[in-house]
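The values are calculated or read from the model by the stated rules, or taken from the named source; none is laboratory data. Fair warning: this is a prediction, and the values are worked out from it, not measured in the lab. All Cβ positions, even for glycine, are placed from backbone atoms using ideal geometry, and neighbour counts span all protein chains on display. Calculation scope for accessible area: heavy atoms of the full protein, side chains included, ligands and nucleic acids excluded. Shrake-Rupley method; radii C 1.70, N 1.55, O 1.52, S 1.80 Å.
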Amino acid sequence: QTVIGGERRPARVAADANARHQDALLNLPDVVGVGIGQGNAIEVYLANDNAATRRHIPAALDGVPVRVKVTGEFTAR
């Protein structure tokens with residue numbers, strides 16, 4: 001469990017929020033991935049630090065904090 005807004009929430013809350021919003025986030029320009037990170041936060045991975053895209057990413061989704069990380073493009077090995 002993690003503490004979000006003073007409440008204890010299980011990892012399932014983050015997973016459910018991620019599932020509900022993943023497609024919309026992945027449709028934003030320069031978003032290359034979305035997942036659950038440390039502290040049961042939703043992490044949005046960007047190919048570059050696009051300010052226009054950052055404006056469309058909320059600080060939280062369904063009460064779950066959202067973190068943005070610039071990772072560059074992902075490639076399969």
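Quick rundown of the values:
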| item | result |
| --- | --- |
| Average accessible area per residue (Å²) across the stretch 33-75 - probe 1.4 Å, nucleic acids and ligands excluded | 54 |
| With Cα atoms, 0 to 90° folded angle of helix 11-26 axis to the chain main axis | 30 |
| Share of carbon and sulfur in the accessible heavy-atom surface of the chain [1.4 Å probe, %] | 48 |
| Total formal charge among the other residues, if their Cβ is under 13 angstrom from that of residue 54, Lys/Arg +1 and Asp/Glu -1 | +1 |
| Radius 14 Å from Cβ of residue 38, net charge of other residues (Lys, Arg +1; Asp, Glu -1) | +1 |
| The chain: translational diffusion in µm²/s, Stokes-Einstein, Kirkwood Rh over Cα pairs, 37 °C, 0.692 mPa s | 258 |
| Cα centre as origin, Lys/Arg/Asp/Glu Cβ charges: the chain dipole, Debye | 180 |
| Residue 77 paired with residue 16, simple spin-label distance in nm, labels 7 Å along Cα-to-beta-carbon | 3.6 |
| DSSP bridge pairs, the stretch 6-71: antiparallel proportion in percent, nearest 5 | 60 |
| Packing-based order for 59-71, 36-48, using average beta carbon neighbours within 10 Å, highest first | 36-48, 59-71 |
| The chain: relative contact order as a whole-number percent, Cα under 8 Å and 6+ apart | 28 |
